[in-house]
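One structure is given here, and the rest of the page talks about it.
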Amino acid sequence: MTLPITAAILAGGAGTRLGGRDKGLEPLGGKPLVEHVIAALRDVDALLIVANRNHDAYARHARTISDATGKRHGPLAGIAVACAACGTPWLLTVPVDCPEPPADLAARLLQAALAGTAAAVVAHDGATRQPLFALYRRELADSAERGASMGQGVWAWQDAIGARELDFSDRRQQFHNLNTPDDFAEHVATSRTAG
């Protein structure tokens, strides 16, 4: 079943721990990391990639947008432009550096959102909030833009809008992200062992 959700993959990071290379385009198991993320988002209606460089490379995978200025203002700026570009009632965000987000992420967040009154629902892995794994009403675009322009972080903005946390402690390992060459190598080695 396709959900009334646009998924936005946040790929605007500087990749400083990868020597400045673009994490989403780094090879992992023979294909770019972004392809692994896309594979986990099968139940959404539309897909966006928010990136501030390598637009042509990302555009091979999905519609690609950047923040209005093209400068890096953190993930909240990416959330703002994604909400503004969203053509469905809901926007799901996931970071590009997480190769295996929970396959039921969108469905569970949407179920929680529809059961309550919060305009946003964010995953909690049992130990901490995972602020980039969240579902928002698209009408939050202006609020996110204001927050980004004031330098507000995603976590603080989520608190300000009354985002609800949803327990994903049963999927804790799936929020693991890759930041360094060692992280990439370890993930490939672990996948081979598991397979």
Please give the charge dipole size of the chain, origin at the Cα centre, charges +1 on K and R Cβ atoms and -1 on D and E Cβ atoms. Round to the nearest 20 debye.
280 debye
Sorting THR180, THR6, THR117 on the 10 Å Cβ count, fewest up front, what's the list?
THR117, THR180, THR6
Under 17 Å from a point placed 7 Å out from the Cα of LEU114 along the Cα-to-Cβ direction: which residues of segment 80-94 have their backbone N that close?
88-92
Taking N as the number of residues in the chain, what value does Rg over Cα atoms divided by 2.2 N^0.38 Å take?
0.96
Whole-angstrom gap from segment 125-176 to segment 48-120, using each part's C-alpha centre
11 Å
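Give the order of TYR136, TYR58 when sorted by the count of other beta carbons within 10 angstrom, beginning with the fewest.
Ordered by Cβ neighbours within 10 Å, fewest first: TYR58, TYR136.
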If you wrap segment 41-151's Cα atoms in a convex hull and average its projection over all directions, what's the area in nm²?
7.4 nm²
Expected vector for segment 159-175, Karplus 3J(HN,Hα) from phi with 6.51, -1.76, 1.60 and θ = phi - 60°, integer Hz, x for Gly and Pro, equals 4, 5, 8, x, 4, 9, 8, 10, 6, 10, 4, 6, 10, 3, 5, 7, 8
A correct fewest-to-most ranking of LYS31, LYS23 by other Cβ atoms within 10 Å would be LYS31, LYS23
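Bear in mind that the values in this text are calculations on the coordinates, not laboratory data. What you are looking at is a predicted structure, and each value in this text was computed from that prediction instead of being measured. Cβ: placed from backbone, ideal geometry, glycine included. Neighbour counts: every protein chain shown.
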